[in-house]
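Peer 1: Have a look at the structure that comes next, please.
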Amino acid sequence: MNSKRLIYLAMIVATLSMGVLIGSIVSGGVRATGEQKPAVLVIPDPVSMSNSFSGIATQLEPAVVNIEVVMNAPEPVAPQAPQRGGGGGGGRRPGNGAVPDCGNQL
């Protein structure tokens, strides 16, 4: 069992190594230079951004539309009649569990 794990591990390491080797050959080699600097981000002025947004909103304001959705009501489902007969009394039936007082009318 351990020899199979070792073989699988060796195959995975070999495959990854070949991928790194092929990737560095295709990309023209691996090199890092200190000359690379990140691009400087320019943050726009918030006031001008707000003014331009207000202008666009004013131009698009008349473009508001009214969307009305009409759906047909689903067909009502007829209630099922309660099943009568024995059955062990294991089923639950709707109710609040209160027992009415019928007096001794037997």
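The values are calculated or read from the model by the stated rules, or taken from the named source; none is laboratory data. Here the structure is a predicted model, which means the values were calculated and not measured. Quick reminder, even Gly has a Cβ in these numbers, built from the backbone with ideal geometry, and neighbours come from all protein chains shown.
Peer 1: If the requirement is being assigned to a helix (DSSP H, G or I), modelled with pLDDT of 85 or more and polar (S, T, N, Q), which of these qualifies: S17, S24?
Peer 2: Working: S24 fails: modelled with pLDDT of 85 or more.
Only one candidate qualifies: S17.
Peer 1: All but one of (1) at pLDDT 70 or above; (2) touching a Pro at 6+ places or on another chain (Cβ under 9 Å); (3) of a type in the set (K, R) hold for R93; which doesn't?
Peer 2: (1)
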